[in-house]
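Let me begin by presenting the structure, written as structure tokens, before commenting on it.
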Amino acid sequence: ARLLYEKRDPAALPLLSNMVASSQMPLARIHALQALAGTGLLREVHVLKALQDKDAQVRAHAVRAAEVLAASGAITEATWTQMKNLASDNYIRVRWQLALSAGALPRADKPRLLTQLLTRDANNAWMQDAVLSSLGDGAGNMFALLAGDARFRTDPIGMAFLRRLGGMIGVK
């Protein structure tokens with residue numbers, strides 16, 4: 001991986017792409033995805049394939065790799081839609097990474113995604129922190145969405161989160 005990163009050889013692209021698409025080992029798919037990201041050869045097709053992987057760790061790494069695409073302005077509607085679908089993933093590690101990575105994605109509907117993630121895992125302090133760290137300018141929108149949910153605002157955990165979110169908005 002170090003040599004691939006240092007050389008940045010475009011000849012590695014087909015080999016790494018093949019690993020992401022068809023390796024039998026999840027760890028190999030993760031390493032190939034990270035090598036593509038580190039060498040500047042990562043493409044949307046790689047991220048889309050990995051976002052749909054059967055292995056949760058590969059999906060979580062694909063969400064993180066999408067941040068690389070976002071930095072170059074290459075997040076398309078197809079990638080964003082696939083990422084939003086992961087908000088209902090069965091594995092909290094994938095949802096948590098999605099909450100963290102959402103901060104790097106300049107999308108207008110990001111507060112809605114973060115609200116969905118938070119309401120599913122409101123009792124998880126790590127998820128709460130990940131959501132808060134990714135909000136940015138959408139804090140007011142998220143507050144309105146959460147305050148409009150009677151079930152969330154009447155729950156003690158929900159009220160505590162709304163207080164934290166309100167404090168964050170006030171400080172800003």
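The values are calculated or read from the model by the stated rules, or taken from the named source; none is laboratory data. On a predicted model such as this, the values are computed, not experimentally measured, just so you know. No Cβ is skipped: glycine too gets one built from the backbone with ideal geometry, and neighbour counts run over all protein chains shown. Ligands, DNA and RNA are excluded from the accessible area calculation, which covers all protein heavy atoms including side chains. Shrake-Rupley method; radii C 1.70, N 1.55, O 1.52, S 1.80 Å.
A few points about this structure:
- Relative to the longest principal axis of the Cα atoms of the chain, the long axis of helix 156-171 makes an angle of roughly 80 degrees.
- The lysines within cross-link reach of residue 110, meaning a Cα-to-Cα straight distance under 26 Å and a gap of 8 or more places when in the same chain, are 49, 54, 84, 172.
- Annotation: per residue accessible area for segment 31-145 equals 44 Å², rounded to a whole number [probe 1.4 Å, protein chains only].
- Between the residues 98, 139, 154, the greatest Cα displacement towards the positive end of the dipole of segment 61-171, with unit charges on the Cβ of Lys, Arg, Asp and Glu, is found for 154.
- Kirkwood Rh, angstrom, segment 123-172 [1 / mean 1/r, Cα pairs]: 11.0 Å
- Take residue 77: with every protein chain present and a 1.4 Å probe, its accessible area is about 100 Å².
- Percent of Cα pairs in the chain per distance bin of 10 Å, from zero to the largest separation: 10, 36, 29, 16, 7, 1.
- Relative packing of 159-166, 31-38, 62-69, which averages over residues the other C-beta atoms within 10 Å, highest first: 62-69, 31-38, 159-166
- Rounded percent of accessible protein surface that carbon and sulfur make up, segment 85-145, 1.4 Å probe: 51 percent
- The amide H of residue 52, built 1.01 Å from its N in the peptide plane, has no neighbour under 5 Å, considering only residues 5 or more places off or on other chains.
- Cα-based equivalent ellipsoid of segment 80-172: semi-axis lengths in Å, sorted from largest, via gyration tensor: 19, 15, 11
- Entry note, the chain: the mean residue ellipticity at 222 nm calculated from DSSP H runs of n ≥ 4, each adding -39500 (n - 2.57), is -21500 deg cm²/dmol after division by the residues and rounding to the nearest 500.
- Placing +1 on the Cβ of every Lys and Arg and -1 on the Cβ of every Asp and Glu, with nothing else charged, gives the chain a dipole about its Cα centre of roughly 120 debye.
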